[in-house]
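Q: Starting off with a structure, shown below.
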Amino acid sequence: MALTDKWLKAHLNKPQERRFEKAHREGLSVRVSLNGAITFQYRYYLRDRKKYDRATIGYYPEMSLAAATAELPRLKVMLAEGKNPKLVLASNRIYESEKLTLDQLFSKWYSEYCCKKKKAHKEHLRTYEIYVKPKLGKLVAENITRPIFLELLNPIIKTYPSIAERIIINLRQMYEWARIHQVADADPLRDISAKKVGIESGQDTRFFSEKELKWFFTALDKTRIEEKNKIYIELSLHYGCRPSELRMAEVEHVNLEFGTWAVPWQNHKIGHKTKQPIIRPIIPEIKKLWERAIELSGSHKWIFTNRNTSIQIDRSAIPASVRCLENYWRKKIRVDGEPITFDSFCPYTLRKTARTNFADFGDWAVCEKMIGHKLPGESDKYDYNSYAEKMRPIYQQWYDYTQQVRSGNSKVTNILSKVKA
């Protein structure tokens, strides 16, 4: 019976009564030691010496069954050329011992490039540690072929396409960086893209209608989400800012006396290009939310912190809170006695809802500045006006409108929350 991944996993690191071998096909087999270590080996016949010999190909799970099988054609070519695969592989190991493994190459790229260029570099590191490192980390980076990478990516593409896309982008950047800096020559993912492996990257057009905005405020008022998280979510909707801009907000960034919130250039997406902060006005009604957020903070630095700590709030906290709102919609909100149907939403839905409505209250260029977008052309090279005062009336009208929806005075569908008896 041929080898399978299931069989290999079942015997890996499991104590055995004796050493044994199990054949696969075409001379490929595995040797299982007393402590459950599994070695791939190739059995072949040397015609000139008239005897059989074995060559070690690799070790499971560092080398997968598919990768070991993919080595067979190369080993057969060696035999046909009169070479002894065992000696060739041993020679290669001495040479390749000086080459970087994927772990070593990723570590160099991460410290010298990723940390400096990507704000969310810790997330990229964690993605590598979870999805790539366990299977390919110990292999020589230059020897990992495209089929091996695709074998890793295909299951992730089906389940977590956005993570698969991140892995492709990062590994392509890593190999390109290695080639430029003469750290490695191979580039197996050079012409691979998310689209080519079947990852659809359609634009998310989700934003709240007026009816859904009413549902949003109903859920925000009645769920048991922590007060500071509710403030974070309400400020996100009010400003249409990126979630990270509030997450990195510090007490010194907020000037309640002059009514401004400054997002340093290091804290927003286009800041590394413009080197300019985003200055957003604080209207009187929103000032109360900032004051309360600072009061609830457990830190003298960060405005939004984890519960009962002075540590900056986790990235996962607000998406989790938004899921609570979504669950409230699903379980509690009724229209004419029936559950509502709706498309899923996320923190960026608030940003798109705000920007969509800003357009009703102000000029396009000002609205783009409000959400931290780069204006087209050369304007950012010559125009350094913050537009804060032009933003103020737009924020005021947007706030007035949301409060009208929240109070039920606009023409939205009446809703009833399901109340447990």
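The values are calculated or read from the model by the stated rules, or taken from the named source; none is laboratory data. Nothing here was measured: the structure is a model prediction, and the numbers come from that model. Backbone-built Cβ (ideal geometry, glycine too); neighbour counts: all protein chains shown.
Q: I'm trying to understand the selection: among the residues of the stretch 238-266, which are over 17 Å from Lys228 (Cβ atoms), polar (S, T, N, Q) and in contact with a Lys or Arg (Cβ under 9 Å, 6 or more places away or on another chain)?
A: Selection gives Thr260, Gln266.
Q: Could you give every pair whose Cβ atoms fall below 6 Å, whose first residue belongs to the stretch 255-272 and is in the same structural domain as Ser236 (by TED's automatic domain parsing), and whose second residue is assigned to a loop (DSSP other than H, G, I, E, B) and of a type in the set (Val, Ile, Thr), counting only separations of at least 6 or pairs across chains?
A: Once the first residue is in the same structural domain as Ser236 (by TED's automatic domain parsing) and sits in the stretch 255-272, its partners that are assigned to a loop (DSSP other than H, G, I, E, B) and of a type in the set (Val, Ile, Thr) give Gly259/Ile282; Trp261/Ile282.
Q: Restricting to the stretch 305-342, name every residue that is under 22 Å from the mean Cα position of the chain (by Cα), within 22 Å of Asp221 (Cβ to Cβ) and not β-branched (Val, Ile, Thr).
A: Correct list: Ala317, Pro319, Ala320, Ser321, Arg323, Cys324, Glu326.
Q: For the condition in the same structural domain as Tyr110 (by TED's automatic domain parsing), at pLDDT 90 or above and either in contact with a strand residue (DSSP E or B) (Cβ under 7 Å, 6 or more places away or on another chain) or among the polar types (S, T, N, Q) (or both), what is the one hit in Asn170, Asn143?
A: Going through Asn170, Asn143 in turn, just one is in the same structural domain as Tyr110 (by TED's automatic domain parsing), at pLDDT 90 or above and either in contact with a strand residue (DSSP E or B) (Cβ under 7 Å, 6 or more places away or on another chain) or among the polar types (S, T, N, Q) (or both): Asn170.
Q: Out of curiosity, is Ile192 outside any loop (DSSP other than H, G, I, E, B), in contact (Cβ under 8 Å) with a residue 24 or more places away in the chain, within 23 Å of Leu105 (Cβ to Cβ) and outside the structural domain of Ile333 (by TED's automatic domain parsing)?
A: Spelling it out, it is not the case that Ile192 is outside any loop (DSSP other than H, G, I, E, B), in contact (Cβ under 8 Å) with a residue 24 or more places away in the chain, within 23 Å of Leu105 (Cβ to Cβ) and outside the structural domain of Ile333 (by TED's automatic domain parsing).
Q: Determine if the stretch 240-251 includes at least one residue that is more than 21 Å from the chain's Cα centre (by Cα), in the same structural domain as Lys381 (by TED's automatic domain parsing) and surrounded by fewer than 20 Cβ atoms within 10 Å (Cβ to Cβ).
A: Within the stretch 240-251 (the criterion being more than 21 Å from the chain's Cα centre (by Cα), in the same structural domain as Lys381 (by TED's automatic domain parsing) and surrounded by fewer than 20 Cβ atoms within 10 Å (Cβ to Cβ)), the answer is yes, since at least one residue qualifies.
Q: Output the residues belonging to the stretch 350-388 that are closer than 30 Å to Arg315 by Cβ and among the aromatic types (Phe, Trp, Tyr).
A: Matches in the stretch 350-388: Phe358, Tyr387.
Q: Return only the number of the condition from (1) basic (Lys, Arg); (2) more than 30 Å from Val183 (Cα to Cα); (3) in contact (Cβ under 8 Å) with a residue 12 or more places away in the chain that Lys99 does not satisfy.
A: Every condition holds for Lys99 apart from (2).
Q: Given (1) surrounded by 16 or more Cβ atoms within 10 Å (Cβ to Cβ); (2) out of contact with any Pro (no Cβ under 9 Å at 6 or more places or on another chain); (3) farther than 24 Å from Ser321 by Cα, identify the lone condition not met by Thr349.
A: (3)
Q: Could you list, in sequence order, all residues of the stretch 160-175 that are within 16 Å of Arg146 (Cβ to Cβ), in contact (Cβ under 8 Å) with a residue 60 or more places away in the chain and surrounded by fewer than 21 Cβ atoms within 10 Å (Cβ to Cβ)?
A: None - no residue of the stretch 160-175 is within 16 Å of Arg146 (Cβ to Cβ), in contact (Cβ under 8 Å) with a residue 60 or more places away in the chain and surrounded by fewer than 21 Cβ atoms within 10 Å (Cβ to Cβ), so the list stays empty.
Q: Are any residues in the stretch 334-349 closer than 28 Å to Ser316 by Cα and either among the hydrophobic types (A, V, I, L, M, F, W, C) or assigned to a loop (DSSP other than H, G, I, E, B) (or both), and if so, which ones?
A: Ile340, Thr341, Phe342, Asp343, Ser344, Phe345, Cys346
Q: Which of the helices (runs of 4 or more DSSP H) contained wholly in the stretch 240-333 include at least 2 residues that are among the β-branched types (Val, Ile, Thr)?
A: 284-296, 317-332
Q: Test Ala184 against the criterion of being more than 23 Å from Ser107 (Cβ to Cβ), part of a loop (DSSP other than H, G, I, E, B) and either assigned by TED's automatic domain parsing to the domain that holds Ala68 or of a type in the set (Gly, Ala, Ser) (or both), and give yes or no.
A: No, not satisfied.
Q: Here are Thr205, Thr223: which of them is out of contact with any Gly (no Cβ under 6 Å at 6 or more places or on another chain), modelled with pLDDT under 95, outside the structural domain of Arg406 (by TED's automatic domain parsing) and surrounded by fewer than 20 Cβ atoms within 10 Å (Cβ to Cβ)?
A: Just a single option satisfies the conditions, and that option is Thr205.
Results for (1) touching a Ser or Thr at 6+ places or on another chain (Cβ under 6 Å); (2) modelled with pLDDT of 90 or more; (3) assigned to a loop (DSSP other than H, G, I, E, B); (4) surrounded by 15 or more Cβ atoms within 10 Å (Cβ to Cβ), shown as yes or no for each residue.
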| site | (1), (2), (3), (4) |
| --- | --- |
| Tyr110 | no, yes, no, yes |
| Cys114 | no, yes, no, yes |
| Phe149 | no, yes, no, yes |
| Pro155 | no, yes, no, no |
| Lys158 | no, no, no, no |
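Q: Looking at Ala70, is it farther than 15 Å from Leu8 by Cα, surrounded by 15 or more Cβ atoms within 10 Å (Cβ to Cβ) and touching a residue at least 40 places away in the same chain (Cβ under 8 Å)?
A: The answer is yes for Ala70.
Q: Is one or more of the residues making up the stretch 220-230 farther than 21 Å from Arg307 by Cα, in contact with a strand residue (DSSP E or B) (Cβ under 7 Å, 6 or more places away or on another chain) and not hydrophobic (A, V, I, L, M, F, W, C)?
A: No, there is no match, as no residue in the stretch 220-230 is farther than 21 Å from Arg307 by Cα, in contact with a strand residue (DSSP E or B) (Cβ under 7 Å, 6 or more places away or on another chain) and not hydrophobic (A, V, I, L, M, F, W, C).
Q: Any residue that is among the aromatic types (Phe, Trp, Tyr), more than 29 Å from the chain's Cα centre (by Cα) and not in a helix (DSSP H, G or I) - is there at least one of those in the stretch 85-108?
A: No: the stretch 85-108 contains no residue that is among the aromatic types (Phe, Trp, Tyr), more than 29 Å from the chain's Cα centre (by Cα) and not in a helix (DSSP H, G or I).
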